Every structure is written in structure tokens, then in C-alpha cells.
Amino acid sequence: MPNVSNVKSKFFGDVDALDADGISTAATISGAAALTLTGTLASGGSYTSGDNIGQPITILSAADDSGITFTIVGTDAVGDALTEVVTGASGAPGTATSSGYFNTVTSITTSASSAGNVSAGVTATGTGTVFAGRTRIRGLQGLSGTSAGNLLFKNTSVTGTTLLTVPTQAAAELIEPYIPDNAVLFDAGAYVNFGSAVATVTVFYDG
């Protein structure tokens with residue numbers, strides 16, 4: 001049996017469900033100003049996702065906001081500072097979505113007045129970093145969520161090649177798949193991707 005003395009564990013918490021105004025409820029913004037972060041997912045003027053999870057941030061515009069930008073400031077899934085400038089949507093209504101995955105959001109600021117009401121929320125996709133280097137996933141244990149789906153582990157980045165797929169059921173059931181003794185090798189880093197199909201998961205990996 002291989003030496004597994006360097007095995008570590010990492011816990012990933014709940015992914016918030018799709019919510020178009022969970023961070024900031026609909027309001028018209030006058031001038032270059034900050035959105036008020038008082039949605040149902042926010043607390044104390046900021047937003048935090050699940051443990052070690054990052055989620056895309058959405059900006060829903062009731063009118064054409066393609067002429068302005070929204071600067072989102074917060075942190076990513078590993079706690080590093082993350083700032084992204086998102087161009088407003090052209091639809092009426094329309095949604096613009098960040099390319100970055102935010103664990104926390106401390107401010108969202110417009111570059112100019114909005115054309116109408118604007119709200120901010122999240123998609124139902126969560127990603128996290130298991131280990132940002134060569135590693136092997138040796139096991140995992142978790143709880144499935146409210147819908148059937150897949151727990152994905154990707155190589156290189158959160159959008160990289162999927163090397164391990166764990167299906168889940170549409171009920172709260174234990175997730176504890178068999179992984180062979182030699183484990184699953186991720187030669188450029190292991191990253192997890194899941195939505196409402198998973199409630200929580202702990203991953204065991206070489207680190």
C-alpha cells in the first residue's frame with residue numbers, strides 16, 4: 001500500500017442557490033456610487049459564500065447598462081484579494097456575470113448612473129481549490145443536496161479537464177465513493193466544481 005502519511009483534508013461548504021438579488025436588491029444608482037449590500041444573502045454590508053467556495057456574481061439590469069461598469073471587490077475561494085470590472089448588460093432586462101469566483105464581496109461600485117434598477121446576486125455554481133499543485137485525491141466524504149447532479153474534480157484550473165466525476169442523488173445522502181489505493185493523480189492542481197447537487201464535501205488529498 002502506498003505511503004499516505006502526507007494526506008490532508010479540506011472542507012467545502014454549501015453553494016448558495018441562484019439568487020438574482022441575494023446580495024443587493026433592486027435600486028436605481030445615481031452617479032458613480034456603491035450598491036447597498038443588504039440582500040438576503042448579505043450580512044453586515046457584505047456577502048460571504050460557503051467555506052472555501054467561490055461563486056460567480058451576477059448584475060441584473062432592468063434597462064441597458066452596457067455603457068457603464070460595475071467594480072466588484074472581495075476575495076476568492078482561498079482568501080486572496082479579488083477585484084473584477086464587469087461591463088453592464090445590454091438587455092432590458094439583462095444579466096452580466098463575473099468571470100471570477102468570489103467567496104466574499106465587500107463592495108460593488110458603478111462607474112456612472114444606472115439606466116434603471118440594478119440588483120446583484122449569485123449563480124448556483126461553486127468552485128474551490130483542493131490543492132494548487134501536483135497532488136492525488138485519495139478519498140472524499142460529503143452530503144448530497146436537493147437535486148441530482150455531479151461533483152466534478154478538475155485538473156489545472158476550475159475550468160480545466162475533469163478527471164473525477166462523482167454523481168449524486170436528489171436527496172440528502174452520504175457521498176463516499178470508492179477510490180483505488182493509488183488515488184487519482186492531478187498533475188497541475190486539483191479543483192472542485194459543484195452546485196446544488198452537493199451540500200458539503202470533505203476531500204482527502206496529498207499535500
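The values are calculated or read from the model by the stated rules, or taken from the named source; none is laboratory data. All values reported here derive from a predicted model rather than from experimental measurement. Backbone-built Cβ (ideal geometry, glycine too); neighbour counts: all protein chains shown.
What residue, of SER90, SER113, SER98, SER157, is out of contact with any Ser or Thr (no Cβ under 6 Å at 6 or more places or on another chain), over 22 Å from VAL7 (Cβ atoms) and either assigned by TED's automatic domain parsing to the domain that holds THR28 or not hydroxyl-bearing (Ser, Thr, Tyr) (or both)?
Going through SER90, SER113, SER98, SER157 in turn, just one is out of contact with any Ser or Thr (no Cβ under 6 Å at 6 or more places or on another chain), over 22 Å from VAL7 (Cβ atoms) and either assigned by TED's automatic domain parsing to the domain that holds THR28 or not hydroxyl-bearing (Ser, Thr, Tyr) (or both): SER98.
Please go through the range 175-207 and give me each residue that is in a loop (DSSP other than H, G, I, E, B), surrounded by 19 or more Cβ atoms within 10 Å (Cβ to Cβ) and modelled with pLDDT of 90 or more, ordered by number.
Once the filter is applied, which keeps residues that are in a loop (DSSP other than H, G, I, E, B), surrounded by 19 or more Cβ atoms within 10 Å (Cβ to Cβ) and modelled with pLDDT of 90 or more, the range 175-207 yields only ALA183.
When PHE153 is evaluated against the numbered criteria (1) of a type in the set (A, V, I, L, M, F, W, C); (2) at pLDDT 95 or above; (3) more than 17 Å from the chain's Cα centre (by Cα), which criterion, by number, is the only one it fails?
The single condition PHE153 does not satisfy is (3).
Restricting attention to the range 62-86, and to residues there that are in a loop (DSSP other than H, G, I, E, B) and either among the charged types (D, E, K, R) or not assigned by TED's automatic domain parsing to the domain that holds GLY45 (or both), which single residue is surrounded by the most Cβ atoms within 10 Å (Cβ to Cβ)?
Step by step, filter the range 62-86, then rank; the result is ASP65.
Can you tell me how many residues within the range 23-48 are under 30 Å from LEU152 (Cα atoms), surrounded by 20 or more Cβ atoms within 10 Å (Cβ to Cβ) and either touching a Gly at 6+ places or on another chain (Cβ under 7 Å) or not assigned by TED's automatic domain parsing to the domain that holds GLY94 (or both)?
4
Which count do you get for residues in the range 18-61 that are more than 16 Å from THR109 (Cα to Cα), assigned to a loop (DSSP other than H, G, I, E, B) and among the β-branched types (Val, Ile, Thr)?
2
Got a sec? Which of ALA112, ALA120, ALA89, ALA172 is assigned to a strand (DSSP E or B), over 18 Å from ASP51 (Cβ atoms) and either without any contact (Cβ under 8 Å) to a residue 12 or more places away in the chain or not polar (S, T, N, Q) (or both)?
It is ALA120.
Within the group VAL73, VAL105, VAL166, which residue is of a type in the set (Val, Ile, Thr), free of Cβ contacts under 8 Å to residues at least 60 places away in the same chain and over 14 Å from PHE194 (Cα atoms)?
After applying the criteria, what remains is VAL73.
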